[in-house]
Every structure is written in structure tokens, then in C-alpha cells.
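Trainee: Below is one structure. I have some questions about it.
The values are calculated or read from the model by the stated rules, or taken from the named source; none is laboratory data. Please read all numbers here as calculations on a predicted model, not as lab measurements. Note that we place each Cβ from the backbone using ideal geometry, even for glycine, and neighbour counts take in every protein chain shown. Accessible surface is based on the protein model in full, side chains and every heavy atom, while ligands, DNA and RNA are left aside. Shrake-Rupley method; radii C 1.70, N 1.55, O 1.52, S 1.80 Å.
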Amino acid sequence: MSESEKFQLGTLGALTLSVVSSVSIVICNKALITTLAFSFATTLTSWHLLVTFCSLHVALWMKLFEHKPFDARAVMGFGILNGISIGLLNLSLGFNSVGFYQMTKLAIIPCTVLLETLFFRKKFSRNIQLSLAILLLGVGIATVTDLQLNLLGSILSLLAIVTTCIAQIMTNTIQKKFKVSSTQLLYQSCPYQALTLFIIGPVLDYLLTNLNVFAFKYTPQVLFFIVLSCLISVSVNFSTFMVIGKTSPVTYQVLGHLKTCLVLAFGYILLSDPFSWRNILGILVAVVGMVLYSYCSVLENQQQKASEVSAQLPQVKESESDVLISGDNGSGRLSEGGVPKSPPVWKSDKDLKA
């Protein structure tokens, strides 16, 4: 199996793991919040990250991956920023309507595209832009309902969009710059993310629910779903870093909207959530946009690799011709005894004597 085939297989596995684990944890958390009244989302996320770090530490002890330390300030800044972005998204959901929150999530894709274009000079073709527009339209039709604006909620949403975009771009940039795997980056950044959310989590949850997470009555059923949610979160966090590292932040956001559509579908099938033809139409339009985006991305990647290969061929031919020229000049050529061979003598009348 070639390296490109291994990379494509690894990318497909990461995408599949991300979708399955994310849909599973949403269903688990929905049962935890709606059925068991455990509505402390930010604190629960800090527990997710703590369990993820412990799991990775065990994996490191079993030598399943290699610890590769790098710039500590970059890791600390990235971990804290990631934790803050999660908290801001939860605050945005708490201080805005569900429809406005969905618009906030939709805005992450164009914001990411804008930041990558401005600061990384990345170019997105018109086909990619069209497919993203179709995708966002479909998700908007399926998820956005009422749009109730308020100043505080709008500010929180704006901060959530910016921090989330920067954190996801940093995930991709750090992995490529320092040549670390998704596991190595997640292992080193998890403590900072968990500590940030563990500090701000109870405060944010109290602001949103007027309840104290430490005063909640933890029944065996609640504890079971909390443990299950934490275990699923290990694969969620791992697959998130893996997908962004292998693809791009924009692709991860596209995948996130696919998860949203799947969650809506599973919610209707398994949890009997209210569903309408509007939801069905939006999901179908979103799927069309996602398929177009995937096709255009694969096609452009193949064209880019082909152009890189064709650009390298003249360099290879030029280097071969340099070797031949240096050989003709007698430089570096040795006879069998190790004595340099004398350069050939040019005879101007050799054609006449032939």
C-alpha cells in the first residue's frame, strides 16, 4: 500500500470515528440533560478533557505513542484558548435563542475561510465557495428557527466565533509546524483545557442555570451516563484533532454540520423529536453541499499533487544533466584502482578521420 493510500485510509477512518463518536455523545448528553436534568455542560466538558488526558497518559505508559515535547508557550496558549472557546460557545447558547446559536455555528465556516485567506494566503476556488454556500443554506434551513437578538448574546457569539476559528486553525498549524501527531498535541494541551474549563465551568453553569453543580444529587443513573459520556469524549477529542490535522479547519466544520444533520435525524428516529418537511429539505440540501465540497476538495488535491510532481520533474532532469556534465569534465570520476581518470581529449578532426 502506497503512502497516499495509507493517508487517505487514515483520513477516512478519522472522519468516520469523528462522526460516530460525536453523534453518540450528543445522544448521551441529551438524555443526561433532558431526562436526568443534569444541565452543567461546561463542567461536564472539563471532566471529558480530564478523562481524555488520563486515557492518553495510560496509552503513553503502554508505549502506544511517543511523547514529543515542543514549544511550551504555544501549547499553553492553545490549550487555554481552546477551553475559552468552548466556554464562550456554551454561554452563547445560554444567552441566545437556539436559532441565533445555530447561526453562530454557521458563521464559523466563512470566518475560518476569511482568516485563512487573510493571514495564510490560502485560496478557495469558486467551486469550493459554491459548495460551502449550498451546505450552509441547507443547514440553515434545517436548524435555524427564531432569531432573537440581544447585545450581550451577540457579543458572546462574536467572541465564540473568533476564538473557535483561531483555535481550530492553530490545531492544524501547530501539528504541521512542529511535526507532532494529533495524539501528541492532544496529550500536551488537554491539562490546560481541562484546568481552564474546571475553573470557569461551575461559574458559567451557575450563570446559565442558577444551580450549583456540586449541590446536584448524583444518582447511580446520572453517574452511569456521566461516565459513559466521558468515555465517548475520549474518541471525540482524539478524532477532532486527527481530522483537523489530516485535513483542514474548514473540512472539520463541514463535517460538524454533517453531524448536526445526523443528530437531527437520529433525534427524530430514536428520541421522537418533532420533525418537519423543512428539516428534511434542509438536510437534503446540506448533504448535496457536503458531497460537492468533498468532490471538489478531492479533485483539487489531486490536481495540486499532479502539478507538484510535474514541477519536480524538470528539477530531476536538470540534476541528472548536471551529473553528466560534471562526469564529462572528469570531476569526481575514479578508475577501478582509485586513481582519477584523465578527462577525454577533444579532437577537432575526428569526424574527418571517421
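Let's see how each residue does on (1) open to solvent by less than 40 Å² (accessible area, probe 1.4 Å); (2) touching a residue at least 40 places away in the same chain (Cβ under 8 Å); (3) in contact with a helix residue (DSSP H, G or I) (Cβ under 8 Å, 6 or more places away or on another chain):
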| position | (1), (2), (3) |
| --- | --- |
| LEU152 | no, yes, yes |
| LEU158 | no, no, no |
| LEU186 | yes, yes, yes |
| TYR192 | no, yes, yes |
| LEU208 | no, yes, yes |
| VAL213 | yes, yes, yes |
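Trainee: May I pose another question? Quick check, is ILE141 open to solvent by 20 Å² or more (accessible area, probe 1.4 Å) and without any contact (Cβ under 8 Å) to a residue 60 or more places away in the chain? Even if it seems obvious, please write down each step before you answer.
Mentor: Working: open to solvent by 20 Å² or more (accessible area, probe 1.4 Å): yes; without any contact (Cβ under 8 Å) to a residue 60 or more places away in the chain: no.
So ILE141 fails the test.
Residues are listed down the side, and each one gets a yes or a no for (1) of a type in the set (Ser, Thr, Tyr); (2) in contact with a helix residue (DSSP H, G or I) (Cβ under 8 Å, 6 or more places away or on another chain); (3) open to solvent by less than 60 Å² (accessible area, probe 1.4 Å); (4) at pLDDT 75 or above:
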{"site": "ASP273", "(1), (2), (3), (4)": "no, yes, yes, no"}
{"site": "SER276", "(1), (2), (3), (4)": "yes, no, yes, no"}
{"site": "ASN279", "(1), (2), (3), (4)": "no, yes, yes, no"}
{"site": "ALA286", "(1), (2), (3), (4)": "no, yes, yes, yes"}
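Trainee: Can you list residue pairs whose Cβ atoms sit under 8 Å apart, with the first residue in segment 47-65 being closer than 12 Å to THR183 by Cβ and the second being among the polar types (S, T, N, Q)? Count only pairs 6 or more apart in sequence or on different chains.
Mentor: Sorted first by the residue in segment 47-65, then by its partner, the pairs are THR52/SER233; THR52/ASN237; LEU56/THR183; ALA59/THR183; PHE65/SER181; PHE65/THR183; PHE65/GLN184.
Trainee: Given the conditions (1) surrounded by 17 or more Cβ atoms within 10 Å (Cβ to Cβ); (2) part of a helix (DSSP H, G or I), which single one is not true for VAL180?
Mentor: Only one criterion is unmet by VAL180, namely (2).
Trainee: Keeping to segment 194-206, report how many residues are β-branched (Val, Ile, Thr) and either under 12 Å from SER39 (Cβ atoms) or open to solvent by 90 Å² or more (accessible area, probe 1.4 Å) (or both). Even if it seems obvious, please write down each step before you answer.
Mentor: If we filter segment 194-206 for residues that are β-branched (Val, Ile, Thr), which is where we start, we get 196, 199-200, 203.
Narrowing further to those that are either under 12 Å from SER39 (Cβ atoms) or open to solvent by 90 Å² or more (accessible area, probe 1.4 Å) (or both): 199.
Residues meeting the conditions: 1.
Trainee: May I pose another question? For LYS217, state whether it is of a type in the set (D, E, K, R), surrounded by fewer than 14 Cβ atoms within 10 Å (Cβ to Cβ) and either assigned to a helix (DSSP H, G or I) or touching a His at 6+ places or on another chain (Cβ under 8 Å) (or both). Let's see the steps before the verdict.
Mentor: Numbers: of a type in the set (D, E, K, R): yes; surrounded by fewer than 14 Cβ atoms within 10 Å (Cβ to Cβ): yes; either assigned to a helix (DSSP H, G or I) or touching a His at 6+ places or on another chain (Cβ under 8 Å) (or both): no.
Judged against the criteria, LYS217 is not a match.
Trainee: Another one. Going through segment 289-306 one residue at a time, which ones are of a type in the set (S, T, N, Q) and open to solvent by less than 60 Å² (accessible area, probe 1.4 Å)? Walk me through how you get there before you give the answer.
Mentor: First, the residues of segment 289-306 that are of a type in the set (S, T, N, Q): 294, 297, 301-304.
SER294, SER297, listed by residue number.
Trainee: I've got another one for you. Would it be correct to say that ALA133 is touching a helix residue (DSSP H, G or I) at 6+ places or on another chain (Cβ under 9 Å), under 30 Å from TRP277 (Cα atoms), of a type in the set (Gly, Ala, Ser) and open to solvent by 50 Å² or more (accessible area, probe 1.4 Å)? Explain how you work it out, then say what you get.
Mentor: Values: touching a helix residue (DSSP H, G or I) at 6+ places or on another chain (Cβ under 9 Å): yes; under 30 Å from TRP277 (Cα atoms): yes; of a type in the set (Gly, Ala, Ser): yes; open to solvent by 50 Å² or more (accessible area, probe 1.4 Å): yes.
Spelling it out, ALA133 is indeed touching a helix residue (DSSP H, G or I) at 6+ places or on another chain (Cβ under 9 Å), under 30 Å from TRP277 (Cα atoms), of a type in the set (Gly, Ala, Ser) and open to solvent by 50 Å² or more (accessible area, probe 1.4 Å).
Trainee: Now, a different point. Hey, could you check segment 13-27 for residues that are closer than 24 Å to TYR187 by Cβ and hydrophobic (A, V, I, L, M, F, W, C) and say which is surrounded by the most Cβ atoms within 10 Å (Cβ to Cβ)?
Mentor: Filtering segment 13-27 for residues closer than 24 Å to TYR187 by Cβ gives 13-22, 24-25.
With hydrophobic (A, V, I, L, M, F, W, C) added as a condition, the list becomes 14-15, 17, 19-20, 25.
On the way: ALA14: 23, LEU15: 20, LEU17: 17, VAL19: 17, VAL20: 16, ILE25: 20.
Step by step, filter segment 13-27, then rank; the result is ALA14.
Trainee: Just to be sure, is SER229 touching a Cys at 6+ places or on another chain (Cβ under 6 Å) and open to solvent by less than 70 Å² (accessible area, probe 1.4 Å)? Break it down stepwise before answering.
Mentor: On the way: touching a Cys at 6+ places or on another chain (Cβ under 6 Å): yes; open to solvent by less than 70 Å² (accessible area, probe 1.4 Å): yes.
When the stated conditions are applied, SER229 passes them.
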